[in-house]
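The values are calculated or read from the model by the stated rules, or taken from the named source; none is laboratory data. It should be emphasised that the depicted structure is a prediction, and the values quoted were computed from it without experimental measurement. Methodologically, a virtual Cβ is constructed for each residue, glycine included, from the backbone with ideal geometry; neighbour enumeration extends over all protein chains shown.
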Amino acid sequence: MNLGAGVHLTYCSNIHPGESWAEVRANFDRYVVAVRDRLMPEGDFGVGLRLSARAAAELSEPAVLAEFRDFLARSRMYVFTINGFPYGAFHGTRVKEDVYLPDWRDPERLRYTDLLADLLVALLPDALQADPAIDGSVSTVPGAYKPALGGPRDVALMVEHLLRHVAHLVELRARTGKLIALALEPEPHCFLETIAEVVAFFERELHGPAAVRRTMELTGLDQVAAARALHDHLGICLDLCHAAVEFEDAADCIRRLDLAGIRVHKMQISAGLRLPTLDAGALTALKRFDDAVYLHQVVQQGPGGLTRFADLPAAFESLQGATVDREWRVHFHVPIFLDRLAPFASTQAFIREVLAIQRERPVSTHLEVETYTWGVLPEPFRSGTVDGAVARELAWVQRELGA
C-alpha cells in the first residue's frame, strides 16, 4: 500500500507455504487477492514477495515472468520488496539454523541474490500515483549464523561477496535507472545480532576505505561515486521482533544507525514473546512454543546483564531454580495486534515506539509485516483465517501510523 511520502506498506508472502513458483503463484490467487480485497477495494496494493532459489529460477523464465507481470497489472498489485533470506524450504520441515544457508561466505548466496535483484528490477512499477519513482529492496541473512563462523577469513569472504553484489546493483541501476538495495537483517545469535555489531561492521568493512577501493575496482566508479553506491545499495532490514528480543532501545538504535549513515532499506514489523517474570505457569505454557521447525532464540535480562540462548531447549536447560529478577524475550513471531498472550506479554510496545518515530519522519520507506509462524502458532492465538489475520495486522499498522 502506498502510504504517501514515498512510504509503502505490505506483508511478506513467506507466511504462505510454497517453494515452487507454481505454489507461490497459487498463493496469490488464494490469499493475497483476499487480503487486497479486505484492505484496498480501490487503489494499488503493494506486495512483499518471498522466493526460494527454486521459485526464483522458475520465475526467471520469460513467459512465466510475463504472465506474473500481467497478473499484477490486472490485479492492481505491485512488488517493491523481496524477502531473500530463506534460500530453501521454509515450512513443514526442520529449518532451524539451516535457514541461514547458503550464507554470505558461499558464492551461491551471491548468485541467488543477484537473480532476485534482476527479478525485482523487472517487477518494479515505473511509477504509481503520487510516487513517480519506486526503489526496490531485498532482505537477506545477517552474514551467517554466528556459531558457524571460523574467523577473519570467513568475514573477508562475506565482505567480498557483498561488494560483488553491490557491483551488480550498480550495473542494474546504470542499465535500467532503477535502484535496488540489499538489506542485511540482524537476528539473535547471528554474525550481525545487535545494532552495535551492525554499526561496527559497516564502519569497518562495508563503508570503510578498503570497501570503497574494492567497489571502485569492481565498478569503475570514482571514489565519491563508489562511496555513495555503498550507502545507496547496502543497508539493513530492521526486524522489530529481533531488535526487541535483543533489548534494544528503540530511539537509540535508530539514532545510532542515522549517525553511522546506515540506511534502513526495509523495516519488518513483527512481535516476539515477552516473559516479564519466569514463573512456573509461564514456563510451562512456553513449552508449547518449542516447535521442531524454527529456531526460537532467547535473550535473558538478569542481574548479570544479558544472556543469550540459541533456542528454547537451551534456555530451559539453563534454569537452575533461581528465576527471580529475570526477564525472557523469545524470537517467536506472534500477531502484532496482540499485546497480551496470557500468560505472556508480547513486544508490541517496542513496535509502537518505532512507529511513533516513523510517524514523525520515515525510518524506512519499506514497511513489511512478517508474522510467518501461523502454521506453528499454538491455539487460540491463530484462530480465524490467515487472510483475515494478515489484514488485521496491516490495519493495525495503518492506525498506529495515522494512515
Notebook entry, point to check: Counting just the residues of the range 18-34 that are among the β-branched types (Val, Ile, Thr) and either over 20 Å from the mean Cα position of the chain (by Cα) or more than 22 Å from Ala395 (Cβ to Cβ) (or both), which one comes out surrounded by the fewest Cβ atoms within 10 Å (Cβ to Cβ)?
Noted result: Val33
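The rows are residues; the columns are (1) of a type in the set (Gly, Ala, Ser); (2) buried (at least 16 other Cβ atoms within 10 Å of the Cβ).
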position: Pro41; (1), (2): no, no
position: Gly46; (1), (2): yes, yes
position: Glu61; (1), (2): no, no
position: Met77; (1), (2): no, yes
position: Gly88; (1), (2): yes, no
position: Gly92; (1), (2): yes, no
position: Tyr100; (1), (2): no, yes
Check: Restricting the range 371-403 to residues that are under 17 Å from the mean Cα position of the chain (by Cα) and modelled with pLDDT under 90, which is farthest from Leu39 (Cα to Cα)?
Finding: Thr373
Margin query: Give all pairs with beta carbons closer than 9 Å in which a residue from the range 188-205 that is under 15 Å from Leu230 (Cα atoms) meets a residue that is modelled with pLDDT of 95 or more and of a type in the set (Phe, Trp, Tyr); count only pairs at least 6 apart in sequence or on separate chains.
Written below: Phe201/Phe191
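Search the range 1-17 for residues being aliphatic (A, V, I, L, M) and under 13 Å from Val47 (Cβ atoms), and hand back the single one that is farthest from the chain's Cα centre (by Cα).
Met1
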Check: Among the residues of the range 42-57, is there at least one that is modelled with pLDDT under 95, assigned to a loop (DSSP other than H, G, I, E, B), closer than 16 Å to Leu367 by Cβ and over 21 Å from the mean Cα position of the chain (by Cα)?
Finding: yes
Next item on the list: Would you check if Val64 is under 30 Å from Gly402 (Cβ atoms) and touching a residue at least 24 places away in the same chain (Cβ under 8 Å)?
Entry: no
Margin query: Just the residues that are out of contact with any His (no Cβ under 8 Å at 6 or more places or on another chain) and part of a helix (DSSP H, G or I), please, taken from the range 89-109.
Written below: Lys96, Glu97, Asp98, Val99, Tyr100, Glu108
Checklist line | Residue in the range 311-326 that is aromatic (Phe, Trp, Tyr) and within 26 Å of Ile15 (Cα to Cα) present | finding: no
Note to self: Every residue in the range 295-338 that is without any contact (Cβ under 8 Å) to a residue 60 or more places away in the chain, acidic (Asp, Glu) and surrounded by 14 or more Cβ atoms within 10 Å (Cβ to Cβ), please.
What the structure shows: Glu327
Checklist line | Scope the range 245-295; condition among the aliphatic types (A, V, I, L, M) and in a loop (DSSP other than H, G, I, E, B); matching residues | finding: Ile262, Leu278, Ala292, Val293, Leu295
Next item on the list: Inspect the range 226-233 for any residue being over 18 Å from Val159 (Cβ atoms), free of Cβ contacts under 8 Å to residues at least 12 places away in the same chain and either over 19 Å from the mean Cα position of the chain (by Cα) or surrounded by 14 or more Cβ atoms within 10 Å (Cβ to Cβ) (or both) and give the result as yes or no.
Entry: yes
Notebook entry, point to check: Among the residues of the range 227-244, is any among the charged types (D, E, K, R), assigned to a helix (DSSP H, G or I) and farther than 15 Å from Gln358 by Cβ?
Noted result: yes
Note to self: For the range 136-157, check the following and say yes or no: at least one residue is acidic (Asp, Glu) and surrounded by 16 or more Cβ atoms within 10 Å (Cβ to Cβ).
What the structure shows: yes
Check: So which of Glu185, Glu160 is among the acidic types (Asp, Glu), in contact (Cβ under 8 Å) with a residue 12 or more places away in the chain and within 15 Å of Tyr87 (Cβ to Cβ)?
Finding: Glu185
Note to self: Just to be sure before I move on: is Ala280 touching a residue at least 60 places away in the same chain (Cβ under 8 Å) and of a type in the set (Gly, Ala, Ser) in the structure I sent?
What the structure shows: no
Notebook entry, point to check: Mind checking which residues of the range 59-114 are among the acidic types (Asp, Glu) and touching a strand residue (DSSP E or B) at 6+ places or on another chain (Cβ under 8 Å)?
Noted result: Glu97, Asp103
